[in-house]
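First up is the structure itself, then whatever we jot down about it.
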Amino acid sequence: MRLRYYIMIFLFVLTGCSADSAEAIKPDQSITDRITLTPVDLAQGETAKLRPFLGTMSGAFKLKYEGEKPSATLHMDIWENGSKVDSAGAIGDLFFSPEGQVINNNEIEVIISIDTVRTEEDKEVCIVKISTGSGLATFTLPWNSELKGRGLFQNTETLTFTPDHPVHIFAMNATSTNQVFAGDLSEESLSKTEWALVFTLRFDE
């Protein structure tokens, strides 16, 4: 009788452990697709050697996605007096090479360089260069020479977000007063800009 009692206890404990193990390995259904932005210091590491070739307004960050592959496009938007007024260009399919292959284990490094130069016609233009690891894109934009003060809005800490809404990830703001204010990439801060070139990630459904 006592032996049967011990056997029942043993089977009960064994069954409980098996249930706990099954629960432990059950995938977490709450995990959703997400993208992580990690700032890169251009003065450190491998990117430091690029510093002499970059414009006066430059920044870099890494983007890594987890989950389903997003169709991500990096848009350049022109803002005036706190509102978007025009599009200056875009780079699509950030996470894929022209052959459609995933780059660097779902992670890319983006380097943005902005500078103004004078043309042979003595006109000042804005040159934007964007490197995504698989290539370099260059955009030439008209520039208002009255905009003297310039500053950057960029993330200084790691940011994680879901690819279901547009996300501002980098910006250069400029003023005609030769003064700039310390702002960030929030809508509230951007609404106070006189002029800004805002880089925004947008995702296709």
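The values are calculated or read from the model by the stated rules, or taken from the named source; none is laboratory data. None of the values given here were measured: they were computed from a predicted structure. Cβ sites come from the backbone with ideal geometry, for glycine too, and all protein chains shown count toward neighbours. Please note that ligands, DNA and RNA were not included when accessible areas were found on the heavy atoms of the full protein model with its side chains. Shrake-Rupley method; radii C 1.70, N 1.55, O 1.52, S 1.80 Å.
Key figures for this structure:
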{"item": "Residue tally, condition open to solvent by 30 Å² or more (accessible area, probe 1.4 Å), within 17 Å of the chain's Cα centre (by Cα) and over 14 Å from G92 (Cα atoms), over the stretch 125-147", "result": "1"}
{"item": "All positions within the stretch 168-187 that are β-branched (V, I, T) and touching a residue at least 60 places away in the same chain (Cβ under 8 Å)", "result": "I169"}
{"item": "Subset tally (residues that are of a type in the set (K, R) and touching a residue at least 40 places away in the same chain (Cβ under 8 Å)) for the stretch 65-94", "result": "1"}
{"item": "Out of F181, F203, F199, sole residue that is on the phi < 0 side of the Ramachandran plot and open to solvent by 70 Å² or more (accessible area, probe 1.4 Å)", "result": "F181"}
{"item": "One residue from S30, S58, S97, S71 being of a type outside the set (A, V, I, L, M), at pLDDT below 80 and open to solvent by less than 80 Å² (accessible area, probe 1.4 Å)", "result": "S97"}
{"item": "Conditions (1) open to solvent by less than 50 Å² (accessible area, probe 1.4 Å); (2) out of contact with any Gly (no Cβ under 9 Å at 6 or more places or on another chain); number of the one not met by I108", "result": "(2)"}
{"item": "Where T156 falls short, out of the listed (1) open to solvent by 80 Å² or more (accessible area, probe 1.4 Å); (2) under 19 Å from I127 (Cα atoms)", "result": "(2)"}
{"item": "Qualifying strands (runs of 3 or more DSSP E) (wholly inside the stretch 103-205; at least 1 residues being farther than 16 Å from G55 by Cα)", "result": "107-118, 136-142, 159-161, 167-175, 195-204"}
{"item": "Scope the stretch 117-160; condition among the acidic types (D, E) and free of Cβ contacts under 8 Å to residues at least 40 places away in the same chain; matching residues", "result": "E120, E121, D122, E124, E146"}
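Each row is one residue, and each column tells you yes or no for (1) assigned to a strand (DSSP E or B); (2) closer than 23 Å to S113 by Cα; (3) at pLDDT 80 or above; (4) open to solvent by less than 60 Å² (accessible area, probe 1.4 Å).
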| position | (1), (2), (3), (4) |
| --- | --- |
| T15 | no, no, no, no |
| S21 | no, no, no, no |
| T38 | yes, yes, yes, yes |
| A43 | no, yes, no, no |
| P52 | no, yes, no, no |
| K64 | yes, yes, yes, no |
| H75 | yes, yes, yes, yes |
